[in-house]
Amino acid sequence: MKRHPMLKYLKEEGPMGPRMPLIFCPGCGSGQVLNYTLHAVDEIIGEDKIRKEQFLFISGIGCSGRITSHYLNFDSAWTIHGRALAVATGALLANPAFKIIVFTGDGDTGSIGGNHFIHACRRNIDVTILCLNNGLYGMTGGQHAPTTPIGTITTTTPYRNREAAFDLCKLAEIAGASYVARWTTAHPRQVIKSIMKGIRKKGTAFIEILSQCPVHERMLPVALLKRFKESTIRISKTEESRHGKTPIGEFCDVDRKEWNESYQEIIDQFLAVNGKAHEQIVD
Amino acid sequence: MNRLWIDERYCKGCLICLDVCPTKALKPSQEINAKGYILPTSNDMKRCTGCGLCELMCPDFAIAIEKAEG
C-alpha cells in the first residue's frame, strides 16, 4: 500500500498511542498549510542540502498552534499565546544556523502577539512566519477577530461586523520585513514557492495564508476554496481594477540587513582591534 | 493505470480531492468509515493523469496516487 509522501515527516505513533488522524475539523485549512509547508521543506532539504535537524518549528496558541505540537517529526516548540516570535528570537540567538518556521494564527499575530510581530519585522530576524488567517477565533468558538472583514457574521457579531480589519501584510511591510506575501489555501503551488523563498531569504519572511474554517463559516470546504479563488485578485492589478477584491501575491521582496548579521559586525569590529588580546584569552 | 490509495483511518470526508481533480477521476463512495465520514473512491482511474493535486491539497494526508510504471 502506498501512503501519502509527506507522512515521512510526521509522527504517527507516540508513547500514548497513535497521534494521527490530525485533530483539525474536516476540510480545515490548517492541515492543508501543513501539507504545503512539508512539500516546501522537502524540496529545500533535497535542493539546498540542508539537514532535517536544522529546521525548527515554533507555534503559539490556537488552531495553528496544534500543527507543531503533536505531529511534526522535526524539532518543535509549542509556546504561549502570541509569543512564538519571542521564542524564535531566543532560539536564533542560541544557534543562528537554525531555519526557523513559525506557525501563527491571525489572533496570535494580529491581536495578542501584535507587538512581538512588529518588532520581529523591525529587527528583521531570520525567521519564516506563516500566518494562517481564517478571519475569526476558531478554537474558542468563532468569535470575531481583528482580521474579520467588515460585514461578516460571527458568533460575537450577529448583526455583522462593523470594525475595519487589520491588513497584516501591509503592517509587516511597513514594519520592515524582507519578504511579504499573501496567498490562500486554494493556491498550493504559489504557497509552496513562497515558503521556499521565505526559508532561503535572510531576514523576516511573512507569508499570510488565508485559510478556511468550514465549521464557523458554516459552509462546505469546497465552497470556501471556490470563494477564495473568486474573491482574490493579483497584487499586480491596479487599485481601480480590483473591484474590492483581496489582493494576493508578493507584497515586497527586499534585501535588508539581518539581525544576527548586524550584531556580528560589532563582534568582528572588536576582534579586528583586539584580535591578539582575544586570542590570548581564548588560549 | 495509476492506482488510488485512501487511508480509511485518516480521511475525514471533506471531499476536497474530488473538487480539485482536473479530470474528475474520483467520486464519493457509498461506504462510510468507522467515524462516519464518506470516503472518496475511484470514478475512472483511466482518466487519472497523476498530477498529484489531490495529494497536495489533502488536509489529512489520507490520499496517495501510485503511478503506473512506464
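Only the coordinates and a few stated rules stand behind these numbers; no lab work does. Small disclaimer: the values here were computed from a predicted structure and weren't measured. Positions of Cβ are generated from backbone atoms using ideal geometry, with glycine treated the same way; all protein chains shown enter the neighbour counts.
Couple of notes before you dig in:
- Take the Cβ atoms of B:ILE38 and A:TYR263, set R0 to 41 Å, and the FRET efficiency comes out at 0.15.
- Span from the the range A:27-95 Cα centroid across to the the range B:20-50 one, whole angstrom: 31
- Of all DSSP beta bridges in the range A:99-163, antiparallel share, percent nearest 5: 35
- Convex hull per residue volume in Å³, alpha carbons only, for chain B: 76
- Chain A: relative contact order as a whole-number percent, Cα under 8 Å and 6+ apart: 16
- Residues with amide H under 5 Å from that of A:CYS252, placed H, sequence gap 5 or more: A:VAL180
- Neighbouring Cβ atoms from other chains, within 10 Å of the Cβ of residues in A:170-178, number 0 on average.
- When the P(r) of the range A:159-246 is calculated, the portion above 21 Å amounts to 42% of the C-alpha pairs.
- Seen from a random direction on average, the alpha-carbon convex hull of the range A:90-236 projects onto 9.1 square nanometres.
- Around A:ARG51: net Lys/Arg minus Asp/Glu count, Cβ-Cβ under 14 Å: -2
- Amide H to amide H distances under 5 Å link A:THR184 with A:LEU210, where only residues 5 or more positions off or on other chains count and H is placed in the peptide plane.
- Across A:LYS229/B:LYS12; A:LYS52/A:LYS202; A:LYS226/B:LYS24, pairs whose alpha-carbon gap is larger than 28 Å: none
- Neighbourhood net charge (13 Å Cβ-Cβ; Lys/Arg +1, Asp/Glu -1) for A:SER64: -2
- Chain A: antiparallel DSSP beta bridges as a percent of all, rounded to 5: 25
- Near A:THR147, the amide H atoms lying under 5 Å from its own belong to A:PHE166; only residues 5 or more places off or on other chains count, and H is placed 1.01 Å from N.
- Paramagnetic label reach from A:LYS245 (point 7 Å along Cα→Cβ; backbone nitrogen cut-off under 17 Å): within the range A:101-136, no residues.
- Relative exposure of B:PHE61, A:PHE166, judged by other C-beta atoms within 10 Å (fewest first): A:PHE166, B:PHE61
- Across the range A:21-100, the fraction of Cα-Cα pairs farther apart than 17 Å, rounded to a whole number, is 50%.
- Helical runs (DSSP H, four residues minimum) scored at -39500 (n - 2.57) apiece and divided by the length of chain A put the mean residue ellipticity at 222 nm at -11000 deg cm²/dmol.
- Computed over the alpha-carbon pairs of the range A:137-206, the distance histogram in 5 Å steps reads 3, 15, 17, 16, 17, 15, 11, 4, 1 percent, short to long.
- 10 Å binning of all Cα-Cα separations within the protein assembly as shown, expressed as whole percents from 0 upward: 5, 23, 32, 23, 11, 3, 2, 0
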